[in-house]
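Below is one structure, written out as structure tokens; the observations come after it.
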């Protein structure tokens, strides 16, 4: 467990920077999912992570209905969960990809977040349960993310938005880039503290290399465990920031946390989209850490940031 109240020196420069409520959240996460679990078998890591997600689950807002289904491929089926408001016709559909480092997570781990996005926007949300590493190396997760987009495009007449957090933000960006010329291309994307394969000599990678809940060592672990042999660092479906063309992307919002080594990825992605003539906004939420969405029930800063994210999705889904 990362430095608790009885061990303030381990909090270092973050001791005073982060609010007490956020430290309570960080300590709670580390009590459920301690850093040393990275040495445990993947099955055990997933079991512990899933128990933590159950403990943090906030329930679904009133009026949200769900239905589970499968998207068939030639080799396997991809589980999906659709969220709708029972009493309201949706103006758009959000395809959402969960976080978890491409190793953890499923339809249940981010269920309440998807339900709250549905309730907050009135939009349908389709959550995709893509294949995980290390059993399924890249491009398995991307292929599933792409397939779910194509399935939504083929089965729904609603405008499509792409969104996801952390690893899911990577997938949303990669799908947006791969489908930019699709007849049903996304009308917007909202990327939440995404890992986009940015330059690790960048500002946040250096300033927050040892940030709570996600360190540079963690990022390296997740990248290596996902990589196929001879994985190209320049593959844009693996590292969207390595693409050579950022034109024709949908209007984009990238939201990052100040105390997260990945924050510079959001800044760099915004700059590349703007340089290519697109529309993009990057917002770095102050004094927050990676995974802050899960703290929204107890940390006012996180609740406010999540409300802004819901507002971003709502605006992109209703703009011309």
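Nothing in this text is a laboratory measurement; each read-out follows from the coordinates by a stated rule. Note that the structure is a prediction, hence the values are computed from the model and not measured. Quick reminder, even Gly has a Cβ in these numbers, built from the backbone with ideal geometry, and neighbours come from all protein chains shown.
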Between residue 201 and residue 242, what length in nm is gained on full extension when 0.36 nm per residue of separation is reduced by their alpha carbon distance? 13.3 nm
Apply the Debye scattering formula to the chain, with a single equal point scatterer on each alpha-carbon and no solvent, then give log10 I(q)/I(0) at q = 0.09 Å⁻¹. -0.41
Along Cα→Cβ, 7 Å out, is where each label goes; now give me the distance between the ones at residue 58 and residue 228 in nm to one decimal. 3.8 nm
Choice from 129, 235, 260 with maximal GNM fluctuation in the chain (Cα, 10 Å cutoff): 235
Rg and Dmax of segment 193-320, Cα atoms only, in Å: 15.2, 44
To the nearest 10 degrees, the tilt of helix 140-155 (Cα long axis) against the first principal axis of the alpha carbons of the chain is 40 degrees
Report the per residue volume, in Å³, of the convex hull enclosing the C-alpha atoms of segment 1-130. 139 Å³
Roughly what angle does helix 263-275 make with the longest principal axis of the chain, taking Cα atoms, 0 to 90 degrees, to the nearest 10? 30 degrees
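For residue 287 and residue 307 in the same chain, what is the full-extension length gain: residue separation times 0.36 nm, less their Cα-Cα distance, in nm? Intermediate results must be reported in sequence, preceding the final value.
On the way: separation 20, 0.36 × 20 = 7.20 nm, distance 1.63 nm.
Stretched fully, the residue 287-residue 307 segment lengthens by 5.6 nm.
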Roughly how many whole Å is it from the C-alpha centroid of segment 187-218 to that of segment 74-113? 23 Å
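Translational D (Stokes-Einstein, µm²/s) of segment 146-234 at 25 °C and 0.890 mPa s when Rh comes from the Kirkwood sum over C-alpha pairs? Spell out each step's value before the answer.
On the way: Rh = 14.8 Å.
Estimated via Stokes-Einstein, D reaches 166 µm²/s.
Highest mean first, what order results for 186-199, 95-108, 18-31, 73-86 on Cβ atoms within 10 Å? Please list the in-between numbers first.
Working: 186-199: 25.4, 95-108: 23.4, 18-31: 18.2, 73-86: 15.3.
Most protected by this proxy first, the peptides run 186-199, 95-108, 18-31, 73-86.
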In bins 5 Å wide, starting from 0, what share of all Cα pairs of segment 78-129 does each bin hold, as a percent? 5, 23, 32, 21, 12, 5, 2, 0
